[in-house]
Every structure is written in C-alpha cells, then in structure tokens.
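A short worksheet on the structure shown next.
The values are calculated or read from the model by the stated rules, or taken from the named source; none is laboratory data. Since the model is a prediction, treat every value here as computed from it, not as a measurement. All Cβ positions, glycine included, derive from the backbone under ideal geometry; neighbour counts span all protein chains shown.
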C-alpha cells in the first residue's frame, strides 16, 4: 500500500494508492487502550504528594489540603481507569488526607484553638524528610558508577620480562642509612647500675670506734676529703644513723662554735 501525505494546508490529508483518504476504514481495528499514555510514575504516595506540591509552587509548610487531596484522588482514579493495581500505601495516604481535611473543617472551641497542633504537621514532617532523602539519592545518582559511566578493563600483559635496574645509591643515601643505624643503636643501650664499694653500716662502725676511743671528736675531723663526694656522703649518713640510734651525741657549747661528737652516756 502506497501512502502519501499532502500539504497540511490542503483539504486532503492523505492518499492511499493515489486516492485521497477522507475517512478511516471500517475494518481498521484499534485497541481501546492503544493511544493511552501514562507518563507519571511515582515511587510511593509521598513522592506523588511532593510532585503535586512542587508542580503548583506551593509552600510545603502551608499545604492547601483540599486542593492537594482533590488532585491526589484524581490520580488514583486515573490509575484505577488504567487497571493498575493500587498499593495499600496509596490508599492509606488518601485516608490520611481525608482525615486531615475533616479535622481542619470541623469547628473547634475558641479556647482550644491555640493549644491544638496543626493536623498537617506530621504530614509536613514526613514530606520534608522524604525530600531530603530524595535529594541525597539524586546527588548519589549523578556520580559516576561502574557499569554505567565507568567500565573496567582487564588487560593481560602475558609473561613479558620486566627489567628492573638496580637502584643507584649516592653518598647522601649512605649517610642517611648510617644515621638510622645510629638511632637504632641508641635504643639498645643498657644502663648498668654498679654497687657502691662503700657501706654505711661499716662506716658507722668506724665512726663509733673512733668516738669511743677518743671520747670527744671534732665533727669536721670525721670526714676524709680524699674519699671524694661519695665518701663524704657515706660518712654523713653513718653519723645520722648513729644519732638516730642514740649511740652518739652532738655537742656545741655556744652559737657558731665548733661542733663535736661524743658517745652517749
């Protein structure tokens, strides 16, 4: 069948086999639903409500419940006309809208108007939360994804020989390595504690024997400067121990006078 289309401005719309086509053929069968187009698809009742609100540039914090409910029910009627099975959540949202609408239409006592919360508050909260999650999902969707924008490619290099040239160490590299060795060596140093050759108990015996023999000994004569700081400290500790055990007595006749040591009576 040869079909041509004339100028849109002429009376004849089309020609079939050279003849103008004035009316549709009687035996042409067109299914009832062939020309029906269903463009809007939503991911749940909240998505539908948000679409209806944004389509009319409405304030989500001040939803005109009556108008939104009318459009929502019109969409449900359209879905029923297309023989689309309605999910229970769509019907539940319709019931919720009807409840909110009825609560807003019912009169309330004047003293309770300020105390009762807005019936739309819970719905507004759910819509705002859904809008945030949907915006986050759209942001993630715009990122490149493996299998869509990014495609993995695996290349088999075979058993090609790989030449690895030896590293070229310079004098600076050697010095840095040696410095690391010195740092590690410092961590392994040992601190040896040597036992002192002088004994406080032995020095107590020596001091007590001298004081007992001489009876009255000058404090400064008990110290031997040749022994150094270590010997002087040991002698002083021995003298303090003797005083603690009340074996000797410190004597000074007047202020700033020489100090003497003698045995306790």
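How many residues, within region 92-105, are surrounded by 12 or more Cβ atoms within 10 Å (Cβ to Cβ) and either in contact with a helix residue (DSSP H, G or I) (Cβ under 8 Å, 6 or more places away or on another chain) or at pLDDT below 70 (or both)?
Total meeting the criteria: 8.
Results for (1) within 30 Å of residue 47 (Cβ to Cβ); (2) touching a residue at least 12 places away in the same chain (Cβ under 8 Å), shown as yes or no for each residue.
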position: 134; (1), (2): yes, yes
position: 138; (1), (2): yes, no
position: 163; (1), (2): no, no
position: 215; (1), (2): no, yes
position: 221; (1), (2): no, no
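Check whether at least one residue in region 246-257 is loosely packed, with under 11 Cβ neighbours inside 10 Å, in contact with a strand residue (DSSP E or B) (Cβ under 9 Å, 6 or more places away or on another chain) and at pLDDT 80 or above, and report yes or no.
As a first pass, look at region 246-257 and keep what is loosely packed, with under 11 Cβ neighbours inside 10 Å: 246, 253-257.
Keeping just the survivors that are in contact with a strand residue (DSSP E or B) (Cβ under 9 Å, 6 or more places away or on another chain) gives 253.
Filter once more, keeping what is at pLDDT 80 or above: 253.
Taking every residue of region 246-257 in turn, at least one turns out to be loosely packed, with under 11 Cβ neighbours inside 10 Å, in contact with a strand residue (DSSP E or B) (Cβ under 9 Å, 6 or more places away or on another chain) and at pLDDT 80 or above.
Taking the stated definitions as given, is residue 108 at pLDDT 65 or above and outside any helix (DSSP H, G or I)? Break it down stepwise before answering.
On the way: at pLDDT 65 or above: yes; outside any helix (DSSP H, G or I): yes.
Yes; evaluated as a whole, the condition is true for this residue.
In region 45-56, how many residues are under 36 Å from the mean Cα position of the chain (by Cα) and either assigned to a loop (DSSP other than H, G, I, E, B) or free of Cβ contacts under 8 Å to residues at least 24 places away in the same chain (or both)? Spell out the reasoning first.
Our first condition is that a residue be under 36 Å from the mean Cα position of the chain (by Cα); within region 45-56, this holds for 45-51, 53-54.
After this cut, where a residue has to be either assigned to a loop (DSSP other than H, G, I, E, B) or free of Cβ contacts under 8 Å to residues at least 24 places away in the same chain (or both) as well, the list is 51, 54.
Total satisfying the criteria: 2.
Kindly indicate which of 40, 59 is assigned by TED's automatic domain parsing to the domain that holds residue 93, in a loop (DSSP other than H, G, I, E, B) and either modelled with pLDDT of 75 or more or under 30 Å from residue 94 (Cβ atoms) (or both).
Numbers: 40 fails: assigned by TED's automatic domain parsing to the domain that holds residue 93.
Just one listed residue meets the conditions, 59.
Checking the condition surrounded by 11 or more Cβ atoms within 10 Å (Cβ to Cβ), over 30 Å from residue 262 (Cα atoms) and within 43 Å of the chain's Cα centre (by Cα), which residue from 180, 173 passes? Let's see the steps before the verdict.
Numbers: 180 fails: surrounded by 11 or more Cβ atoms within 10 Å (Cβ to Cβ).
Matching residue, one of 180, 173: 173.
Scan region 177-200 residue by residue and report those that are in contact (Cβ under 8 Å) with a residue 24 or more places away in the chain and either within 17 Å of residue 251 (Cβ to Cβ) or not in a loop (DSSP other than H, G, I, E, B) (or both). Before the answer, list the steps.
Quick first cut of region 177-200, residues in contact (Cβ under 8 Å) with a residue 24 or more places away in the chain only: 196, 198-200.
Passing the criteria: only 200.
Please count how many residues of region 211-235 are touching a strand residue (DSSP E or B) at 6+ places or on another chain (Cβ under 8 Å) and surrounded by 14 or more Cβ atoms within 10 Å (Cβ to Cβ).
Initial filter on region 211-235 (touching a strand residue (DSSP E or B) at 6+ places or on another chain (Cβ under 8 Å)): 211-212, 215-219, 222.
From the residues that got through so far, the ones that are surrounded by 14 or more Cβ atoms within 10 Å (Cβ to Cβ) too are 211, 217, 219, 222.
Selection size over region 211-235: 4.
When residues of region 206-250 are filtered for being assigned to a helix (DSSP H, G or I) and farther than 17 Å from residue 262 by Cβ, how many remain? Full working, then the answer.
Keep residues of region 206-250 that are assigned to a helix (DSSP H, G or I), which gives 206-214, 220-222, 225-244.
Those left that are additionally farther than 17 Å from residue 262 by Cβ: 225-234, 236-237.
Number satisfying all stated conditions: 12.
Matching residues to (1) at pLDDT 85 or above; (2) touching a helix residue (DSSP H, G or I) at 6+ places or on another chain (Cβ under 7 Å); (3) more than 17 Å from residue 50 (Cβ to Cβ); (4) outside any loop (DSSP other than H, G, I, E, B):
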site	(1), (2), (3), (4)
115	no, no, yes, no
119	no, yes, yes, no
124	no, no, no, yes
135	yes, no, no, yes
154	no, no, yes, no
